[in-house]
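This report refers to the structure that appears directly beneath it.
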């Protein structure tokens with residue numbers, strides 16, 4: 001069934017065992033005290049999970065190229081011992097590893113940043129110094145030196161980062177290269193930096209060493225490369241000695257989503273396929289390839305010779321091994337939420353995964369077999385209850401899981417109804433498989449009461465029975481036009497054509513997306529490309545065109561009591577996408593709102609003391625939640641000890657990342 005992704009790839013002197021590459025991710029482990037030891041364990045698990053080729057997070061060739069202060073560099077032999085921890089660990093598991101060399105250029109968050117021209121990036125506080133020719137030649141030498149050090153450290157190759165708007169990409173694009181010397185101006189001059197780096201690194205490293213070049217095939221910014229330039233650069237990079245070319249999609253400053261959950265699966269495989277018709281070395285497809293089925297489809301359709309999965313290896317280190325063994329139903333799938341990976345990276349925290357908090361924390365969460373087996377009752381089969389039940393039963397405890405409704409999943413059943421969050425269903429599927437695998441006794445349609453849990457039946461009681469939606473104190477709140485977000489997203493109630501959403505947190509944004517989304521038969525990829533202005537014909541430089549968002553299904557007002565801009569509490573790497581999407585759909589966002597009353601005329605509000613009436617058909621309440629601690633209070637009165645996890649403990653914004661993390665850490669201890 002998976003003959004394409006599980007077939008080997010022969011590079012001549014080395015044969016990769018399959019076609020799945022673990023893509024580069026900056027986890028911040030290398031910058032953490034003792035982090036290389038932790039990184040070695042983290043990478044070794046992925047090698048043991050049968051990743052054919054692993055690419056590390058970006059390592060700078062010099063101080064100027066660091067992403068931020070204290071970021072990892074490889075500049076002298078004193079640093080080799082740390083890197084050998086990683087290469088030895090991967091090789092001991094039969095893996096192959098390349099170190100990514102990344103010079104941030106103007107994307108660096110420090111005062112020493114340099115770039116081809118002194119043009120400040122819109123996502124950085126620092127204006128770069130324009131590089132003199134001696135800086136350019138020295139930097140090329142630094143790439144070569146870094147490559148040789150990587151080889152000495154035991155790496156099987158390097159990936160030279162030439163995309164995503166980092167330094168090499170900045171030389172290539174007219175957007176950021178305004179030079180008038182031999183390193184700017186004409187296309188031949190602008191690509192000279194990239195080609196010289198690859199050529200010099202190949203000459204220094206010799207033929208039996210992998211060199212991957214990460215080529216920006218789709219810049220998604222004005223002033224980016226044309227398609228002919230992409231093709232010509234790929235040919236020059238091949239001629240300079242690259243073993244493979246990896247796909248880069250979008251600069252970090254691009255205002256187009258490229259890896260978030262609302263991006264369709266394999267949304268950019270078409271551009272790699274387009275280049276594959278022009279080049280004769282292996283190409284790697286990237287972005288939103290999160291399941292074996294999707295990866296197989298990419299290769300079967302001739303889009304690439306290999307697929308890159310990055311975040312899916314955070315979600316499940318054994319994604320390839322499980323595919324090989326016919327256990328795809330047991331894969332913990334990446335849902336592209338970015339909450340614990342990219343958001344952490346940009347906050348200078350250690351990255352991990354919302355659905356797998358053990359990622360990058362393998363030394364803390366061991367999930368070792370329990371020495372003292374217990375009978376455990378878990379109340380609530382939402383994300384927290386499911387995560388706890390899975391880990392504790394895997395460790396050997398006997399778990400009975402109570403759920404008042406007729407299905408598992410809790411709030412994830414609502415989340416997966418939101419356009420762009422359909423992959424949340426994969427998490428529910430995964431936990432269903434774990435319930436069967438570890439013989440968890442599941443009791444659906446069962447409201448657990450103290451009598452069920454009493455009389456010493458259980459050694460441990462875990463309460464993960466969730467939240468109660470908060471009902472604001474507004475005159476007329478019981479009017480027929482008022483519904484809760486739960487009633488809406490569950491499909492129990494529908495909304496009219498004019499809707500006011502009370503509460504502009506994450507749920508309010510999700511509800512607004514749900515309300516404005518127009519369900520169509522057209523292919524979701526075509527809709528996505530059109531909505532965000534991505535030109536797959538590549539008629540314009542950068543592959544961009546004028547966005548053409550669909551007419552919204554409803555007219556929506558998104559309201560909040562507090563002042564300031566909407567979306568301040570949303571994720572750092574995805575919040576701007578949600579705001580841009582709703583703005584394109586004409587959602588009117590009002591802050592500083594006082595809710596006066598609800599009646600047949602609609603919702604009466606005051607905005608900065610100015611009264612108005614929104615003549616809406618429906619009012620959806622997304623005004624927060626309160627923990628459901630009724631059972632906890634009853635059990636405490638009876639003197640029965642229990643643990644609170646998930647929304648039952650803290651209901652703030654229904655934080656699934658915290659809920660699953662707390663559940664796994666508690667299950668690791670009990």
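Where both bridge residues fall in the chain, DSSP classifies roughly 20% of the beta bridges as antiparallel. Annotation: the antiparallel percentage among DSSP beta bridges lying fully within the range 9-346 is about 5. Approximating the spin labels as points 7 Å out from Cα along Cα→Cβ, the residue 366-to-residue 640 distance works out to 3.3 nm. One chain, two ends: residue 178 and residue 375. Fully extended at 0.36 nm per residue, the span grows by 64.1 nm beyond their Cα-Cα distance.
Summarising the label geometry, the points placed 7 Å from Cα in the beta-carbon direction at residue 404 and residue 1 lie 3.7 nm from one another. For a paramagnetic label modelled at 7 Å from the Cα of residue 441 toward its Cβ, which residues of the range 451-484 fall within the zone defined by backbone nitrogen distances under 16 Å? Taking a point 7 Å out along Cα→Cβ of residue 441, the residues of the range 451-484 whose backbone N falls under 16 Å are 451-462. Counting pairs of Cα atoms in the range 172-311, how many percent are more than 28 Å apart? Of all Cα-Cα pairs in the range 172-311, 20 percent lie more than 28 Å apart. Starting from a Cα-only point model with no solvent, please compute log10 I(q)/I(0) by Debye for the range 9-346 at q = 0.09, 0.14 1/Å. The computed values of log10 I(q)/I(0) come out as -0.42, -1.12. Here the spin labels are modelled as points 7 Å beyond Cα on the Cα-Cβ line, and at residue 591 and residue 610 they lie 1.6 nm apart.
The ranking of 649, 473 by Cβ neighbour count inside 10 Å, starting from the fewest, reads 473, 649. Where only DSSP H runs of four or more residues are counted, the chain gives -9000 deg cm²/dmol as its mean residue ellipticity at 222 nm, each run worth -39500 (n - 2.57). Taking other C-beta atoms within 10 Å as the exposure proxy, 91, 83 rank 91, 83 from fewest upward. Spatially, the range 532-607 and the range 454-527 are offset by 18 Å when compared through their Cα centroids. When the inverse distances between all different Cα atoms of the chain are averaged and flipped, the Kirkwood radius reads 26.6 angstrom. If one computes the Cα centroid of the range 261-316 and of the range 45-95, what distance in Å separates the two points? If we compute the Cα centre of each part, the gap is 24 Å.
Counting beta carbons within 10 Å around each of 557, 251, 270, 532 and listing the fewest first gives the order 270, 557, 532, 251.
Taken together, the values in this text are just the output of simple stated rules run on the coordinates, not laboratory data. Given the structure is predicted, the values throughout are model-derived calculations rather than measurements. Virtual Cβ from ideal backbone geometry, glycine too; neighbours counted across all protein chains shown.
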